[in-house]
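Structure, as structure tokens:
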Amino acid sequence: MDLDLNLTVGAGGHVECRHCGAMVGTSTSTPFDQAVRNEQPSSAAGPGVHADPARFTDRAIVLRRVLCPGCLVLLQTEIVPADEPTYRQWSLR
């Protein structure tokens with residue numbers, strides 16, 4: 001079963017990269033638990049994100065990236081407060 005253009009569910013129920021076959025998650029309820037995670041200042045998102053977060057909040061804001069552990073294809077990004085967990089939750093029905 002394909003989850004999106006980058007991820008598929010393998011025969012054992014784990015989530016794997018469609019590009020290289022690496023295991024990204026041990027199950028569909030934890031699709032990124034084996035993924036590589038990268039955190040940088042929000043300005044690393046590119047020229048469209050140039051405002052200083054300190055003008056709007058007292059909390060540090062970061063760019064979070066989730067990548068395939070095998071081929072490093074980008075699977076997810078979010079710009080969030082550094083002290084909060086990921087906002088995106090997957091639900092497969």
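The values are calculated or read from the model by the stated rules, or taken from the named source; none is laboratory data. Because the structure is predicted, anything quoted here is derived from the model rather than measured. Here the Cβ positions follow ideal geometry from the backbone for every residue, glycine too, while neighbour counts run over all protein chains shown. The area values use the complete protein model at the heavy-atom level, side chains included, leaving out ligands, DNA and RNA. Shrake-Rupley method; radii C 1.70, N 1.55, O 1.52, S 1.80 Å.
Structure summary
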item	result
Sparse-neighbourhood loop sites, trypsin sites (Lys or Arg not before Pro) in segment 1-66 - DSSP loop, at most 16 other Cβ within 10 angstrom	Arg18, Arg59
Cysteines having no other Cys beta carbon under 4.7 Å from their own, within the chain	none
Accessible area in the full protein assembly, largest first, 1.4 Å probe, for Met1, Met23	Met1, Met23
Approximate spin-label separation Ser43-Ala82, in nm, with each point projected 7 Å along Cα-to-Cβ	1.4
Loop-located chymotrypsin sites (Phe, Trp or Tyr not before Pro) in segment 2-93 whose Cβ has at most 15 other Cβ within 10 Å (DSSP)	Phe56, Tyr87, Trp90
Relative pair counts by distance (%), Cα atoms of the chain, 5 Å bins	3, 14, 22, 20, 15, 12, 8, 5, 1, 0
